[in-house]
1. Looking at the range 41-88, which of its residues are without any contact (Cβ under 8 Å) to a residue 12 or more places away in the chain, surrounded by 10 or more Cβ atoms within 10 Å (Cβ to Cβ) and under 23 Å from residue 108 (Cα atoms)?
2. Does residue 73 satisfy the condition of being modelled with pLDDT under 80 and either on the phi < 0 side of the Ramachandran plot or not in a loop (DSSP other than H, G, I, E, B) (or both)?
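The values are calculated or read from the model by the stated rules, or taken from the named source; none is laboratory data. Note that the structure is a prediction, hence the values are computed from the model and not measured. Methodologically, a virtual Cβ is constructed for each residue, glycine included, from the backbone with ideal geometry; neighbour enumeration extends over all protein chains shown.
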Amino acid sequence: MRRSTSSPKPARKRATVPLPTEVGWHSLDPSIPPRPYLERTPIPEPRPDPSKPRRPGHPRAPQHCTVGYGYYPDSHQRIPTLRLRGRWLEQLGFTIGSKLNISMRNGELVVSVADDGEKATDKAANNWR
């Protein structure tokens with residue numbers, strides 16, 4: 001008969017066996033010498049001065065990307081979607097909140113940051129609506 005799962009008794013645990021402090025190699029053939037015990041690789045020392053910053057990394061742009069899909073609101077039809085993210089965008093001038101120009105040229109998608117003059121015209125166009 002099975003025990004109910006709501007039983008207050010804890011599950012039996014296997015007894016823990018202490019690990020050996022030394023490794024001993026034994027061979028059934030006396031002509032084979034025992035293998036020397038090799039120490040583990042040492043843990044690297046921490047940085048001497050943790051307040052000193054590390055060498056700056058070099059975020060790289062991805063070389064390939066996959067077109068995903070998304071949905072328009074209240075639609076069950078899938079639409080192609082691109083999602084780009086990373087510090088490399090900021091290094092190229094695509095800061096948070098910047099306006100973008102997106103165009104297509106010779107089968108390539110060209111994304112560029114809009115200059116200040118275009119931002120002003122965009123604001124004027126948005127105010128006109």
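1. 70, 78, 79
2. It is false that residue 73 is modelled with pLDDT under 80 and either on the phi < 0 side of the Ramachandran plot or not in a loop (DSSP other than H, G, I, E, B) (or both).
The rows are residues; the columns are (1) outside any loop (DSSP other than H, G, I, E, B); (2) modelled with pLDDT under 90.
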{"site": "55", "(1), (2)": "no, yes"}
{"site": "61", "(1), (2)": "no, yes"}
{"site": "85", "(1), (2)": "no, yes"}
{"site": "98", "(1), (2)": "no, no"}
{"site": "102", "(1), (2)": "yes, no"}
{"site": "110", "(1), (2)": "yes, no"}
{"site": "120", "(1), (2)": "yes, yes"}
